[in-house]
Amino acid sequence: MNSNSPLDRATCEQVFRRLDDYLDRELSPTERTRVEEHLQFCEMCASEYRFEASFLVQVREKVRRIAAPPEVRSRLLQRIADLTASAPTGFPAE
């Protein structure tokens with residue numbers, strides 16, 4: 001990564017603020033590439049990324065073991081269906 005990159009060593013704070021979205025795959029392709037490039041050379045940010053990724057894996061494993069009561073599951077599925085039905089069909093251009 002060169003010194004003209006928008007995410008250089010001086011922008012660790014920017015990468016840190018984007019880690020959650022990066023882990024959730026919610027960044028644009030351009031932002032995702034920038035974060036990945038930064039993580040390749042910045043060990044401090046890469047270490048934080050590894051910690052957060054590991055934490056998410058552990059939480060997901062524990063959550064899978066918890067069974068939601070049928071009434072909660074039913075309400076959640078209905079809410080998802082309602083939101084999906086009312087969601088816009090297109091996405092704004094990046």
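Only residues that are assigned to a helix (DSSP H, G or I) and in contact with an Asp or Glu (Cβ under 7 Å, 6 or more places away or on another chain) were counted in segment 12-65, giving 4. Sub-6 Å Cβ pairs linking a first residue in segment 22-40 that is more than 19 Å from LEU56 (Cβ to Cβ) and at pLDDT 90 or above to a second residue that is aliphatic (A, V, I, L, M) and loosely packed, with under 12 Cβ neighbours inside 10 Å, at least 6 apart or interchain, number zero.
The values are calculated or read from the model by the stated rules, or taken from the named source; none is laboratory data. This structure is a prediction, so every number in the text was calculated from the model and none was measured. No Cβ is skipped: glycine too gets one built from the backbone with ideal geometry, and neighbour counts run over all protein chains shown.
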